[in-house]
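The values are calculated or read from the model by the stated rules, or taken from the named source; none is laboratory data. What you are looking at is a predicted structure, and each value in this text was computed from that prediction instead of being measured. SASA here: full protein model, heavy atoms, side chains in, ligands and nucleic acids out. Shrake-Rupley method; radii C 1.70, N 1.55, O 1.52, S 1.80 Å.
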Amino acid sequence: MFRRRAPRHGFTATVPGSRPGAGHPAAGPGAPGAAGPGSAGPPGAAGPGSAGRDPGGPPPPGLDVSTAHLARVWNYWLGGRDYFAADRAAGEELSREFPHLAQTARAERAFLVRAVRFLAGPAGIRQFLDVGAGLPAGGNTHEIAQRIAPDTGIVYADNDPAVLVHARTLLQSPMLASTPEGTVSYVDADLRDVAAVLAGSARTLDLKHPVALIMLGALGHIDDHGAARSITSQLMDALPPGSYLAIADGVAGTGPADDAQQRYNDAVPVPYHLRRPDQLASFFDGLDLIEPGVVPCPQWKPDAPGGAAPDEPAAYCGVARKR
């Protein structure tokens, strides 16, 4: 629900109001089907057994890893490599109390892989702007896009200092570095500062040519729906015709998940605000939606046809093209 965005000062592994064993244990990391250490995670994700730094290895210089960080917890849920003991403990406890969070993480990552495959493949996009990107865990935008088109340019935008330190270190590793033909960069910019996001991305991307704007789990951090729509519109207005918008976010109206999200918001300094599916669909107003439209993440161009959506989908998504 917080895709990769994290509070400035971290959080403790003990979540207020949590109870060991509460919630749905099968949804947590390490459970059957969960993307935790030793599991494959969603399509395209890299597990801890793959090349690169092992979990718990030396952190980038200057980072305090004694306190959990939500971006690294997200990395843990996705079977990534860049988390530490405090992050793993927090991830397991959060999964017990708020099982929808890990479910959303996996649903959004699987959608990201399929959406980028579509955008870099049939849609022919060669430039990506991924806002609120977090840690470049296996299966992130540039890995998928450059596997299809090695000359693709990707800009990740985030304003969390720890994320930026991690990212600049990780992108130097052979596993996550850009292809020689392409470009990958990180921009230190807040989603609310549209001018800074665009100026930073323009140092790598040619904004006169189509760009795929990706915002996964980011818009829920803006509590005012009108402000969130304005930010999205401003970003798309700055991009030329033929550009695309891809969004995935947690949705309201699922009963127990709504209650759990409110309890989570009461416990953390950076809350996440759920929206109804129709509100999420409104971000695509004026754009041409790609089939199947705004749907639960598992239903968007699934790899296996005929897959049923969960009874209570944790996240909805969509992709649309600018005329």
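Key figures
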{"item": "Compactness relative to 2.2 N^0.38 Å, alpha carbon Rg of region 172-246", "result": "1.21"}
{"item": "For TYR83, distant residues with modelled amide H under 5 Å away", "result": "GLY56"}
{"item": "Heavy-atom accessible area order for SER173, SER95, SER233, largest first, 1.4 Å probe", "result": "SER233, SER173, SER95"}
{"item": "Solvent-accessible heavy-atom area per residue, rounded to whole Å², over region 99-225 at 1.4 Å", "result": "33"}
{"item": "Descending semi-axes in whole angstrom, ellipsoid equivalent of region 69-171, from the Cα gyration tensor", "result": "26, 16, 10"}
{"item": "Region 198-257 - percent of accessible surface contributed by carbon and sulfur, probe 1.4 Å", "result": "53"}
